[in-house]
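Before any comments, here is the structure.
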Amino acid sequence: MVSSRPTPVVAARPAVLIIKLLGSLAVEVDGKVLALPSSQKARALLAYLLLAPGPVARIHLCNLLHGTSADPHGELRWCVSKIRGLLDRPESRCVESSRDAIAIRVDGCVVDAIEVERSIQSGVHQLASAKLRELSELYTGKFLESLRLDRSPKLNAWVASQRRRFQSYFDAIHEQWVSLLEPDTPEVFAVLDRWLALSPANRRPHEMILGTLARCGRVREGREHLALAGRLFRPDSADYRALHEIWNLGSWSKPNVDHSTCAPAETASGSVSRAAERKVSLAVVPLTDLSADSLVADGLGTALSHDLVSAIAMHCSVEVISYETMMALDRVAIGEEGIGHVVNADYIVTGYIRPHGRRFLVALQVLERRTARVCWADAFDCHPTEVLQLPASMGSRLVAAVGQRTGLPPDQPQLLRSPNSLESWRAYHQGLKLMYLFTPDDMGRAQRHFELAVKQDPAFAGALAGLSFTHFQNAFLFKVADRSQEEDRALDWAMKAVRADDRDPLTHFALGRALWLRGELGDSVTALERSVTLSTNFAHGHYALGFVRSQAGNPDSAIFSADRSRTLSPYDPLTFAMQASRAMAHLRLGQYDRAATWGVRAIGQWNAHVHTWAIAAHCLVAAGRTEQARSIVGRIRKMQPGYGVHDYLSAMHYAEDAEDHFRRHAKLIGME
């Protein structure tokens, strides 16, 4: 008799769940691609819960989802049910929920974004080439690339911040990978091409390609790539100028190279020898605002970011990119690492704001651009009434942390006076967003916001300086009934601003502009020099100094100041004015071709005003390009009928010989 043995029970192999967030969202189980929820919010919420460090409060998720929904709690329940149906299996549950919080267990799941985060925790410099290749292959596109959220601004802001974060990881991974490969090999070019395909707006891969081609003596290919870069970046941008210079220097070192078409580029802030003197630079990406009810119209994140940059700018030991440029770049999802390369920053500051009961939690981290490593992080808990003092505290701790890492000597910056009214602070930031739109209506609205801010806090220096700026623009740019009255008001508000806080560079900027308006050029230069002494990082102070010096008989210094302003703020709303200042300086030096080049660049900016077009016309006719100058006069007539050389000269303050120069040119192009 043969005894029967029981058949062994084979445990069912748990299903392998793979979730892809880098590129288009995808969920696979044992190689089978699952159908995703049709709801864009449900897809974004899935990613949010996957990347959250722990359970997330339901009330926070409702605030995050809230857009046009009349029932955010019901919408949250519906989204979670869709996520459960996608992830949960009979043998395992991924979605865990309680009455107060929701979480997704990632044990047993393979999530590409989490794998990247874990791998680079200690910095990409610790990773071998094979691991870098593996991580690179996880990237098939931007974070949640095909996701579109139109009615959930806070969730949309979170997705945008994650896109920037993972883009920065991608850039750091590829830069480190290139550094480990044998130079000038096909594999290096293959990695650079892959990097460039997903980061076309990042200057760094372009730099490495041009440098490699120059070392190999591949001049034709280098020039072709430089031409490609010229189509990607504006020809007058700091990015293109840097790439042009890298190519010139690299190709010049090769023997038997024809340099006839390699004219040296005009640098943004001086010669290459100044590179070694460059300070440690910071770029503050606008904070992501996850609060339910923002304190200001455009979001607490943008307002705090502005004030944080202003606080850091008072530290002379570091260089910080202007808030205006960072806001412009934030609208383009190129990643923290991409932004760092665009503005040539060593460290990138990111963070978010989220509600914490009746308080706010502001979390900051500093990312080292070269390694994508977080080298400092901190969180600040505050009540809404304490938010006005927060930027100075955050700025000091942040700069001290960077200083400890880089060996910078400690400095004691002047502390700006905080407004004493939350309502005043709100109104001030609402005025700021309208200041540089340069239309009478927008300037009037900005003025009303600043007036409200001063009413709430009569000693708020920033709001007083803002009022001076609006009256300055009324006198300088718009045809008002009584220009002299606007000039007096601009000076009066500027003097009140200086008395309120003479440590604030913005107040001396306002005073310098108002004094220039009255023709007091010497005192104007003194005030503007004071503004950039108080803050060497004050881009608009450098610009205004260049603007006045281009008329006050010091055009060489004007060129330096104009370039310094564009280095600190390469994507500024006043870029047209910075470029026009340089055009005027070259005109005064008799360098007419250069003047024409910079004048044309200035009117290429979307918000260039009528005086800028007049500068371009005069530069062109001085360079012998009369027909082009006449076509510009036609544009000026459409912008402001009846505008002539008298309008231009009455707005500016030139010496008598320079005025005669302008009048002669005006006759040639019909602009009398």
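The values are calculated or read from the model by the stated rules, or taken from the named source; none is laboratory data. None of these values were measured; they are calculated from a predicted model. Don't worry about glycine lacking a Cβ; one is built from the backbone with ideal geometry, like all the others, and counts go over all protein chains shown.
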Notebook entry, point to check: Are there any pairs, at least 6 apart or on different chains, whose C-beta atoms fall under 8 Å, with the first in the range 386-404 and more than 13 Å from Y347 (Cα to Cα) and the second outside any helix (DSSP H, G or I) and among the small types (G, A, S), and if so, which?
Noted result: L388/S418; Q389/S418; A392/S418
Margin query: Being touching a helix residue (DSSP H, G or I) at 6+ places or on another chain (Cβ under 7 Å) and acidic (D, E) is the requirement here; does E115 meet it?
Written below: yes
Note to self: Contact list please: Cβ distance under 7 Å, first residue in the range 635-660 and among the aromatic types (F, W, Y), second residue in a loop (DSSP other than H, G, I, E, B), pairs at least six apart or on different chains.
What the structure shows: Y654/Q551
Next item on the list: Determine whether A514 is surrounded by 24 or more Cβ atoms within 10 Å (Cβ to Cβ), over 28 Å from H661 (Cβ atoms) and without any contact (Cβ under 8 Å) to a residue 60 or more places away in the chain.
Entry: no
Next item on the list: Examine the range 178-199 for a residue that is of a type in the set (G, A, S) and touching a helix residue (DSSP H, G or I) at 6+ places or on another chain (Cβ under 8 Å), and state whether such a residue exists.
Entry: yes
Check: Mind checking which residues of the range 37-55 are surrounded by 18 or more Cβ atoms within 10 Å (Cβ to Cβ) and not in a helix (DSSP H, G or I)?
Finding: P37
Margin query: So for the range 407-422 (the condition being touching a Cys at 6+ places or on another chain (Cβ under 6 Å), modelled with pLDDT under 85 and either outside the structural domain of M314 (by TED's automatic domain parsing) or not in a helix (DSSP H, G or I) (or both)), does at least one residue qualify?
Written below: yes
Next item on the list: Would you be able to tell me the number of residues in the range 149-166 that are exposed (fewer than 15 other Cβ atoms within 10 Å of the Cβ) and either of a type in the set (F, W, Y) or at pLDDT 80 or above (or both)?
Entry: 0
Note to self: Give all pairs with beta carbons closer than 7 Å in which a residue from the range 14-33 that is at pLDDT 90 or above meets a residue that is of a type in the set (K, R); count only pairs at least 6 apart in sequence or on separate chains.
What the structure shows: L25/R43; A26/K20
Check: What about E187, is it assigned to a loop (DSSP other than H, G, I, E, B) and either touching a strand residue (DSSP E or B) at 6+ places or on another chain (Cβ under 6 Å) or of a type in the set (D, E, K, R) (or both)?
Finding: no
Item checked: Enumeration of residues in the range 502-521 that are in contact with a Gly (Cβ under 8 Å, 6 or more places away or on another chain) and either among the acidic types (D, E) or not in a helix (DSSP H, G or I) (or both) -> D504
Margin query: Against the condition surrounded by 14 or more Cβ atoms within 10 Å (Cβ to Cβ), in the same structural domain as L65 (by TED's automatic domain parsing) and farther than 21 Å from L22 by Cβ, how does S97 come out, does it pass?
Written below: yes
Next item on the list: Specify the residue that is farthest from R218 (Cα to Cα); the eligible residues are those in the range 179-206 that are of a type in the set (V, I, T) and surrounded by 15 or more Cβ atoms within 10 Å (Cβ to Cβ).
Entry: V191
Notebook entry, point to check: Can you name the number of the only condition in (1) touching a helix residue (DSSP H, G or I) at 6+ places or on another chain (Cβ under 7 Å); (2) within 20 Å of D442 (Cα to Cα) that A461 fails?
Noted result: (2)
Check: Which of (1) at pLDDT 90 or above; (2) assigned by TED's automatic domain parsing to the domain that holds E28; (3) closer than 30 Å to L300 by Cβ is the odd one out, the single condition F143 does not satisfy?
Finding: (2)
Margin query: Step by step: first the residues of the range 107-162, then only those that are within 27 Å of the chain's Cα centre (by Cα), small (G, A, S) and assigned to a helix (DSSP H, G or I), then the one that is farthest from E175 (Cα to Cα). Which residue is that?
Written below: A157
Note to self: It is to be established whether one or more residues within the range 372-384 are at pLDDT below 90, in a loop (DSSP other than H, G, I, E, B) and closer than 30 Å to W177 by Cβ.
What the structure shows: yes
Item checked: Output for the range 605-624, where each listed residue is touching a residue at least 40 places away in the same chain (Cβ under 8 Å) and part of a loop (DSSP other than H, G, I, E, B) -> N607, H609
Check: Looking at A463, A453, A490, which one is crowded, with 23+ Cβ neighbours inside 10 Å, touching a Leu at 6+ places or on another chain (Cβ under 7 Å), closer than 30 Å to P413 by Cβ and not charged (D, E, K, R)?
Finding: A490
Notebook entry, point to check: Here are some conditions: (1) of a type outside the set (S, T, Y); (2) modelled with pLDDT under 85; (3) in the same structural domain as E28 (by TED's automatic domain parsing); (4) outside any loop (DSSP other than H, G, I, E, B). R204 meets all but one. Which one does it not meet?
Noted result: (3)
Checklist line | So F478, is it closer than 16 Å to A514 by Cα, touching a residue at least 24 places away in the same chain (Cβ under 8 Å), part of a loop (DSSP other than H, G, I, E, B) and out of contact with any Asp or Glu (no Cβ under 8 Å at 6 or more places or on another chain) | finding: yes
Next item on the list: Check E627, E672 and return the single one that is assigned to a loop (DSSP other than H, G, I, E, B) and of a type in the set (D, E, K, R).
Entry: E672
Check: Do we have any residue at all in the range 125-132 that's surrounded by 13 or more Cβ atoms within 10 Å (Cβ to Cβ) and within 18 Å of L22 (Cα to Cα)?
Finding: yes
